[in-house]
1. At 1.4 Å probe size, put 52, 102 in order of accessible surface, largest to smallest.
2. Can you return the lysines within cross-link range of residue 122? Criterion is Cα-Cα under 19 Å, with same-chain partners fewer than 8 residues away left out.
3. Where in region 86-126 is the amide nitrogen less than 16 Å from a point lying 7 Å along the Cα-to-Cβ axis of residue 66?
4. For residue 92 and residue 51, compute 0.36 nm times the residue count separating them, minus their Cα-Cα distance, and round to one decimal in nm.
5. Please list the three semi-axes, largest first and in whole Å, of the ellipsoid equivalent to region 30-90, using sqrt of 5 times the eigenvalues of its alpha carbon gyration tensor.
6. Using only alpha carbon positions, build the gyration tensor of region 82-126, then give the equivalent ellipsoid semi-axes as the square roots of 5 times its eigenvalues, largest first, whole angstrom.
7. As a test of reading the structure, rank 84, 32 by solvent-accessible area (1.4 Å probe, protein chains only), most first.
8. Arranged from highest to lowest average of other beta-carbon atoms within 10 Å per residue, in what order do the peptides 68-80, 86-98 appear?
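The values are calculated or read from the model by the stated rules, or taken from the named source; none is laboratory data. Here the structure is a predicted model, which means the values were calculated and not measured. All Cβ positions, even for glycine, are placed from backbone atoms using ideal geometry, and neighbour counts span all protein chains on display. In case anyone asks, the SASA skips ligands and DNA or RNA and just uses the protein heavy atoms, side chains included. Shrake-Rupley method; radii C 1.70, N 1.55, O 1.52, S 1.80 Å.
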Amino acid sequence: MLRRLAVLAVLLGGALTACAGDNPAEHFCNDYGAAVGKLYVAAGDYGAAPARFTAVAKSTLDELTRVRAGAPNEELRRAFDSAYFAMTVFSEDEGLADFLVRTDFAQDDVVKACAEFGIELKPDAG
(Lines give C-alpha, C1' and ligand atoms only; values in the text may rest on other atoms or scores of the structure.)
Protein backbone atom coordinates (compact mmCIF):
# COMPACT_ATOMS: atom_id res chain seq x y z
CA MET A 1 0.00 0.00 0.00
CA LEU A 2 2.81 2.42 0.90
CA ARG A 3 4.54 1.65 -2.37
CA ARG A 4 1.37 2.52 -4.33
CA LEU A 5 1.05 5.81 -2.46
CA ALA A 6 4.68 6.66 -3.21
CA VAL A 7 4.18 5.94 -6.92
CA LEU A 8 0.97 7.95 -6.93
CA ALA A 9 2.72 10.88 -5.24
CA VAL A 10 5.51 10.84 -7.82
CA LEU A 11 3.03 10.71 -10.72
CA LEU A 12 0.89 13.46 -9.24
CA GLY A 13 3.95 15.63 -8.63
CA GLY A 14 5.07 15.15 -12.23
CA ALA A 15 1.62 16.01 -13.56
CA LEU A 16 1.45 19.20 -11.48
CA THR A 17 4.89 20.25 -12.66
CA ALA A 18 3.94 19.62 -16.29
CA CYS A 19 0.77 21.70 -15.91
CA ALA A 20 2.57 24.58 -14.26
CA GLY A 21 4.89 25.12 -17.25
CA ASP A 22 7.09 28.15 -17.75
CA ASN A 23 6.12 31.58 -16.49
CA PRO A 24 4.78 33.39 -19.59
CA ALA A 25 5.89 36.79 -18.24
CA GLU A 26 9.41 35.44 -17.74
CA HIS A 27 9.50 34.03 -21.27
CA PHE A 28 8.24 37.30 -22.77
CA CYS A 29 10.61 39.44 -20.68
CA ASN A 30 13.63 37.31 -21.52
CA ASP A 31 12.78 37.42 -25.24
CA TYR A 32 12.43 41.19 -25.08
CA GLY A 33 15.62 41.60 -23.04
CA ALA A 34 17.64 39.46 -25.44
CA ALA A 35 16.40 41.34 -28.50
CA VAL A 36 16.58 44.88 -27.17
CA GLY A 37 19.71 44.19 -25.12
CA LYS A 38 21.60 43.52 -28.35
CA LEU A 39 20.33 46.81 -29.72
CA TYR A 40 21.61 48.77 -26.70
CA VAL A 41 25.01 47.08 -26.96
CA ALA A 42 25.24 47.79 -30.70
CA ALA A 43 24.26 51.43 -30.06
CA GLY A 44 27.27 51.79 -27.78
CA ASP A 45 29.49 50.73 -30.71
CA TYR A 46 27.73 52.90 -33.30
CA GLY A 47 30.72 55.21 -33.83
CA ALA A 48 33.01 52.29 -34.68
CA ALA A 49 30.48 50.04 -36.42
CA PRO A 50 27.45 51.93 -37.80
CA ALA A 51 26.67 49.18 -40.34
CA ARG A 52 26.54 46.61 -37.56
CA PHE A 53 24.11 48.81 -35.61
CA THR A 54 21.92 49.17 -38.70
CA ALA A 55 21.81 45.38 -39.15
CA VAL A 56 21.06 44.79 -35.45
CA ALA A 57 18.38 47.50 -35.44
CA LYS A 58 16.64 46.01 -38.47
CA SER A 59 16.71 42.46 -37.13
CA THR A 60 15.61 43.62 -33.66
CA LEU A 61 12.64 45.60 -34.97
CA ASP A 62 11.65 42.63 -37.14
CA GLU A 63 11.95 40.27 -34.16
CA LEU A 64 9.93 42.49 -31.85
CA THR A 65 6.70 41.73 -33.72
CA ARG A 66 7.11 38.10 -32.67
CA VAL A 67 8.09 39.11 -29.14
CA ARG A 68 4.99 41.28 -28.69
CA ALA A 69 2.76 38.36 -29.65
CA GLY A 70 4.13 36.54 -26.58
CA ALA A 71 3.08 39.23 -24.10
CA PRO A 72 0.92 37.35 -21.60
CA ASN A 73 -1.16 40.31 -20.39
CA GLU A 74 -2.30 43.82 -21.20
CA GLU A 75 0.17 45.44 -18.80
CA LEU A 76 3.16 43.98 -20.65
CA ARG A 77 1.61 44.74 -24.06
CA ARG A 78 1.13 48.41 -23.10
CA ALA A 79 4.70 48.62 -21.82
CA PHE A 80 5.92 47.01 -25.04
CA ASP A 81 3.92 49.40 -27.23
CA SER A 82 5.35 52.39 -25.38
CA ALA A 83 8.94 51.14 -25.63
CA TYR A 84 8.50 50.15 -29.28
CA PHE A 85 7.13 53.58 -30.16
CA ALA A 86 10.18 55.21 -28.56
CA MET A 87 12.44 53.10 -30.78
CA THR A 88 10.55 53.81 -34.00
CA VAL A 89 10.27 57.60 -33.90
CA PHE A 90 13.78 58.04 -35.32
CA SER A 91 14.13 58.29 -39.08
CA GLU A 92 17.90 57.78 -38.96
CA ASP A 93 19.88 55.03 -37.26
CA GLU A 94 22.28 57.59 -35.84
CA GLY A 95 19.43 59.27 -33.93
CA LEU A 96 18.23 55.94 -32.52
CA ALA A 97 21.76 54.95 -31.52
CA ASP A 98 22.29 58.31 -29.82
CA PHE A 99 18.98 57.98 -27.98
CA LEU A 100 19.84 54.48 -26.76
CA VAL A 101 23.31 55.49 -25.63
CA ARG A 102 21.88 58.36 -23.59
CA THR A 103 19.01 56.28 -22.22
CA ASP A 104 19.27 54.15 -19.11
CA PHE A 105 18.16 50.63 -20.05
CA ALA A 106 16.52 50.32 -16.64
CA GLN A 107 14.08 53.08 -17.68
CA ASP A 108 12.76 51.12 -20.67
CA ASP A 109 9.02 50.60 -20.10
CA VAL A 110 9.22 46.83 -20.62
CA VAL A 111 12.24 46.53 -18.33
CA LYS A 112 10.30 48.38 -15.60
CA ALA A 113 7.16 46.26 -16.17
CA CYS A 114 9.18 43.05 -16.05
CA ALA A 115 10.78 44.19 -12.79
CA GLU A 116 7.28 44.34 -11.31
CA PHE A 117 7.04 40.62 -12.10
CA GLY A 118 10.39 40.04 -10.37
CA ILE A 119 12.31 39.65 -13.63
CA GLU A 120 15.48 41.70 -13.94
CA LEU A 121 16.70 42.48 -17.44
CA LYS A 122 20.12 43.80 -18.39
CA PRO A 123 21.22 45.39 -21.68
CA ASP A 124 23.74 42.66 -22.38
CA ALA A 125 21.08 39.93 -22.15
CA GLY A 126 20.99 37.33 -24.82
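1. Details: 52 120, 102 170 Å².
Correct descending sequence by accessible area is 102, 52.
2. 38, 112
3. Only 126 fall inside the zone, counting backbone N under 16 Å.
4. Values: separation 41, 0.36 × 41 = 14.76 nm, distance 1.24 nm.
Separation in residues times 0.36 nm, less the Cα-Cα distance, equals 13.5 nm.
5. Numbers: eigenvalues 106, 24, 17 Å².
Semi-axes (√(5λ), whole Å): 23, 11, 9.
6. Values: eigenvalues 94, 26, 12 Å².
Calculated on Cα positions only, the semi-axes equal 22, 11, 8 Å.
7. Details: 84 75, 32 0 Å².
So, going from the largest accessible area down, we get 84, 32.
8. On the way: 68-80: 16.3, 86-98: 14.5.
The densest-packed peptide leads the list: 68-80, 86-98.
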